[in-house]
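The values are calculated or read from the model by the stated rules, or taken from the named source; none is laboratory data. Predicted model, so just to flag it, every value in this text is computed and none were measured. Positions of Cβ are backbone-derived with ideal geometry, glycine not excepted, and every protein chain shown enters the neighbour counts. The accessibility values were calculated without ligands, DNA or RNA, using every heavy atom of the protein model including side chains. Shrake-Rupley method; radii C 1.70, N 1.55, O 1.52, S 1.80 Å.
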Amino acid sequence: MDRAANDFDVVIAGGGMAGATLALALVQGGLKVAVVDASAPEILATPAFDGRTSAVAFANFRQWRALGVGETLSARAQPITDILITDGPAPGASRGAPFPAFLHFDVEEVAAQTGGEPLGWVLENRHIRAALNAAVAQSGVTPLIGVLDAVSPEPAGVIVTLKDGRTLRATVVVGADGRASRVRSAAGIGVQGWAYGQAGVVATLALERPHGGVAHQHFLPGGPLAILPLVGDASAEHRASLVWTEHSDRAKALIDASPQAFEAHLGRRFGEMLGRPRLIGPRLAYPLRLQVADRMTGARTALIGDAAHVIHPIAGQGLNLGLKDVGALAQVLIDAARIGEDIGSEIVLDRYARWRRFDGAGLAMATDLLTRLFSNDAPPLRLARDLGLAGVNRMPALRRLFMQEAGAGLGDLPQLLLGERP
Ligand SMILES: Cc1cc2nc3c(=O)[nH]c(=O)nc-3n(C[C@H](O)[C@H](O)[C@H](O)COP(=O)(O)OP(=O)(O)OC[C@H]3O[C@@H](n4cnc5c(N)ncnc54)[C@H](O)[C@@H]3O)c2cc1C
């Protein structure tokens with residue numbers, strides 16, 4: 001087909017972390033790319049945009065290095081040197097009793113698995129977006145501000161219409177437009193899933209003591225409480241990001257509580273392992289759900305990131321899954337373009353769908369199971385998970401498998417996740 005007949009090879013709807021990473025990968029692979037986002041890049045990089053952080057697996061960080069943003073991001077990235085998983089005190093346990101059953105990955109064991117890399121890196125989303133958008137602006141990608149409204153596939157291309165009436169013609173459109181994806185609904189792709197009745201309360205904390213690069217996951221009856229280490233900045237020397245999962249009504253109470261009451265409650269729930277925590281910045285709550293698209297592709301359409309799958313943040317894997325989609329889709333499209341195939345054809349898009357389908361659906365099911373197992377204090381479930389955690393902890397082979405999975409280093413990896421450009 002005649003690629004030059006279209007304005008762009010690929011129009012990406014959504015310039016979030018998945019969409020912007022894909023734009024960089026595709027333009028570096030020689031494709032002509034536009035990325036359309038509803039918000040301007042300056043807005044996407046403000047602290048209040050989502051107030052969130054991401055634990056990014058080492059293989060995905062390798063992808064960013066391969067795309068040339070590793071150096072900028074490294075300055076903002078806190079390596080995770082250790083992961084400590086604890087179960088909350090058993091009902092009726094005395095105050096101050098040690099947390100039972102734990103799973104622990106330490107730095108040397110991790111390095112042996114990852115070739116010297118940490119298991120992952122923690123970054124604030126605003127810094128990731130700022131670095132990606134700065135790179136996109138200099139890359140030859142056409143960045144557009146606008147809301148994608150309609151998509152009309154045709155035999156040789158696809159017409160993308162924005163709310164303000166502008167139209168773009170591309171060979172393929174990618175939906176990187178998040179959980180309420182317009183590209184997905186325009187392609188007639190349905191979703192399966194359910195709400196958890198829980199919300200993730202996120203906030204940035206100043207700690208009294210150094211975190212030492214340790215990521216904490218502490219299980220409570222309402223859901224997990226995660227404290228992820230952050231690099232220090234002008235606001236505080238020892239910083240961490242909190243993701244506190246609670247039933248929706250209690251999450252609202254956590255948002256409405258005074259900062260002092262919130263800090264005291266957090267201290268009581270988590271213990272004072274890191275000293276007294278202090279809030280720095282806003283508290284925001286995200287309703288949590290599981291949502292998996294029926295298909296990853298449609299007519300001249302591919303979905304990546306949250307547009308394709310939204311999972312519980314219990315294992316910090318949502319963005320990681322989306323970045324694996326990016327590596328796979330970039331490789332499929334770049335390889336196809338090089339040999340002159342129609343990159344929007346069903347045969348090409350199907351290669352991507354087959355590569356990614358199982359990982360997305362499999363992780364969605366696994367996180368769903370973990371959520372049910374850990375958001376419950378019924379004695380049989382508690383016993384099952386404590387035995388499970390202790391079992392994994394005692395079995396080095398199983399622990400290594402967990403580490404590889406958490407580091408996104410398992411399976412048929414796209415070249416970018418191995419640190420190579422396609
Ligand atoms: C509390 C919480 C904690 C999390 N922690 C982690 C973690 O530690 N590690 C991890 O891997 N994942 C984590 N996740 C998941 C992660 O945040 C998401 O998976 C990730 O942000 C999805 O990125 P995305 O680029 O696919 O979508 P989004 O970030 O939703 O980006 C979509 C973009 O599309 C734009 N857009 C939407 N509609 C349109 C339209 N019609 N036209 C144009 N533009 C449009 C939006 O403006 C936005 O910029 C967490 C999630 C939550 C809720």
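What about Thr161, is it more than 10 Å from the ligand (Cβ to nearest atom), closer than 15 Å to Ile12 by Cα and open to solvent by less than 20 Å² (accessible area, probe 1.4 Å)? Reasoning before the result, please.
Details: more than 10 Å from the ligand (Cβ to nearest atom): yes; closer than 15 Å to Ile12 by Cα: yes; open to solvent by less than 20 Å² (accessible area, probe 1.4 Å): no.
Against the criterion (more than 10 Å from the ligand (Cβ to nearest atom), closer than 15 Å to Ile12 by Cα and open to solvent by less than 20 Å² (accessible area, probe 1.4 Å)), Thr161 does not qualify.
How many of the residues in region 1-57 are in a helix (DSSP H, G or I) and either within 19 Å of Glu154 (Cβ to Cβ) or of a type outside the set (Val, Ile, Thr) (or both)? If you could, list the steps in order and put the result at the bottom.
Filtering region 1-57 for residues in a helix (DSSP H, G or I) gives 3-5, 17-28, 41-44.
Applying the additional criterion that residues be either within 19 Å of Glu154 (Cβ to Cβ) or of a type outside the set (Val, Ile, Thr) (or both) yields 3-5, 17-20, 22-26, 28, 41-42, 44.
Result for region 1-57: 16.
For Arg52, are the conditions met, namely being surrounded by fewer than 22 Cβ atoms within 10 Å (Cβ to Cβ) and within 13 Å of Ala131 (Cβ to Cβ)?
No.
Before we move on, is Leu254 farther than 30 Å from Val10 by Cβ, within 14 Å of the ligand (Cβ to nearest atom) and part of a helix (DSSP H, G or I)?
Numbers: farther than 30 Å from Val10 by Cβ: yes; within 14 Å of the ligand (Cβ to nearest atom): yes; part of a helix (DSSP H, G or I): yes.
Judged against the criteria, Leu254 is a match.
Of everything in region 239-251, what is away from the ligand (no atom under 13 Å from the Cβ) and open to solvent by less than 40 Å² (accessible area, probe 1.4 Å)? Give them in sequence order.
Answer for region 239-251, where residues must be away from the ligand (no atom under 13 Å from the Cβ) and open to solvent by less than 40 Å² (accessible area, probe 1.4 Å): just Arg239.
Among the numbered criteria (1) in contact with a helix residue (DSSP H, G or I) (Cβ under 9 Å, 6 or more places away or on another chain); (2) surrounded by 19 or more Cβ atoms within 10 Å (Cβ to Cβ); (3) not in a strand (DSSP E or B), which one does His211 miss?
Just one mismatch for His211, condition (1).
Being assigned to a strand (DSSP E or B) and aliphatic (A, V, I, L, M) is the filter; apply it to region 179-203 and report the residue that is nearest to the ligand (Cβ to nearest atom).
Val202
How many of the residues making up region 58-69 are surrounded by fewer than 20 Cβ atoms within 10 Å (Cβ to Cβ) and either assigned to a loop (DSSP other than H, G, I, E, B) or touching a Pro at 6+ places or on another chain (Cβ under 9 Å) (or both)? Write out each step before concluding.
Step one: of region 58-69, the residues surrounded by fewer than 20 Cβ atoms within 10 Å (Cβ to Cβ) are 65, 68.
From the residues that got through so far, the ones that are either assigned to a loop (DSSP other than H, G, I, E, B) or touching a Pro at 6+ places or on another chain (Cβ under 9 Å) (or both) too are 68.
The qualifying residues number 1.
Looking at this structure, is Thr72 surrounded by fewer than 20 Cβ atoms within 10 Å (Cβ to Cβ), of a type outside the set (Gly, Ala, Ser), over 28 Å from Val147 (Cα atoms) and at pLDDT 95 or above?
Values: surrounded by fewer than 20 Cβ atoms within 10 Å (Cβ to Cβ): yes; of a type outside the set (Gly, Ala, Ser): yes; over 28 Å from Val147 (Cα atoms): yes; at pLDDT 95 or above: yes.
Yes; evaluated as a whole, the condition is true for this residue.
Give Thr297, Thr367 a once-over and let me know the one that is surrounded by 16 or more Cβ atoms within 10 Å (Cβ to Cβ), β-branched (Val, Ile, Thr) and more than 21 Å from Val56 (Cα to Cα).
Numbers: Thr367 fails: more than 21 Å from Val56 (Cα to Cα).
None of the other options fit; the residue is Thr297.
Residue check: is Pro98 away from the ligand (no atom under 16 Å from the Cβ), open to solvent by 10 Å² or more (accessible area, probe 1.4 Å) and either modelled with pLDDT of 75 or more or in a loop (DSSP other than H, G, I, E, B) (or both)? Explain how you work it out, then say what you get.
Details: away from the ligand (no atom under 16 Å from the Cβ): yes; open to solvent by 10 Å² or more (accessible area, probe 1.4 Å): yes; either modelled with pLDDT of 75 or more or in a loop (DSSP other than H, G, I, E, B) (or both): yes.
Yes: the conditions hold for Pro98.
Look at Leu225 and say whether it is assigned to a loop (DSSP other than H, G, I, E, B), buried (at least 20 other Cβ atoms within 10 Å of the Cβ) and touching a residue at least 40 places away in the same chain (Cβ under 8 Å).
For Leu225, the condition - assigned to a loop (DSSP other than H, G, I, E, B), buried (at least 20 other Cβ atoms within 10 Å of the Cβ) and touching a residue at least 40 places away in the same chain (Cβ under 8 Å) - is not met.
Just one of (1) under 27 Å from Thr367 (Cα atoms); (2) not in a strand (DSSP E or B) trips up Ala264, so point out which.
Unmet condition: (1).
Just checking, how many residues over region 253-282 are basic (Lys, Arg) and modelled with pLDDT of 95 or more? Please lay out each step first, then the result.
From region 253-282, those basic (Lys, Arg) are 268-269, 276, 278; that's our starting set.
If we keep only those that are modelled with pLDDT of 95 or more as well, we get none.
The qualifying residues number 0.
Considering only region 138-153, I want to know if a residue exists there that is within 11 Å of the ligand (Cβ to nearest atom), more than 30 Å from Gly271 (Cα to Cα) and of a type in the set (Gly, Ala, Ser).
Of the residues in region 138-153, the ones within 11 Å of the ligand (Cβ to nearest atom) are 144-151.
Within this subset, residues satisfying the condition of being more than 30 Å from Gly271 (Cα to Cα) are 144-151.
Adding the requirement that they be of a type in the set (Gly, Ala, Ser) leaves 146, 150.
Yes, there is a match, as at least one residue in region 138-153 is within 11 Å of the ligand (Cβ to nearest atom), more than 30 Å from Gly271 (Cα to Cα) and of a type in the set (Gly, Ala, Ser).
Is there any pair with a first residue in region 312-324 that is under 23 Å from Ala25 (Cβ atoms) and a second that is charged (D, E, K, R) and at pLDDT 95 or above whose Cβ atoms are under 8 Å apart and which are 6 or more apart or on different chains, and what are they?
Sorted first by the residue in region 312-324, then by its partner, the pairs are Gly318/Asp306; Gly322/Asp306.
Which condition does Ser39 not pass, out of (1) farther than 20 Å from Gly146 by Cβ; (2) within 13 Å of the ligand (Cβ to nearest atom); (3) modelled with pLDDT of 90 or more, if it passes all the others?
Here Ser39 meets the rest and fails (1).
Scan region 23-40 residue by residue and report those that are of a type in the set (A, V, I, L, M, F, W, C) and under 12 Å from Ile12 (Cβ atoms).
As a first pass, look at region 23-40 and keep what is of a type in the set (A, V, I, L, M, F, W, C): 23-27, 31, 33-36, 38, 40.
If the condition is that a residue be of a type in the set (A, V, I, L, M, F, W, C) and under 12 Å from Ile12 (Cβ atoms), then Ala23, Leu24, Ala25, Leu26, Val27, Leu31, Val33, Ala34, Val35, Val36 are the ones that fit.
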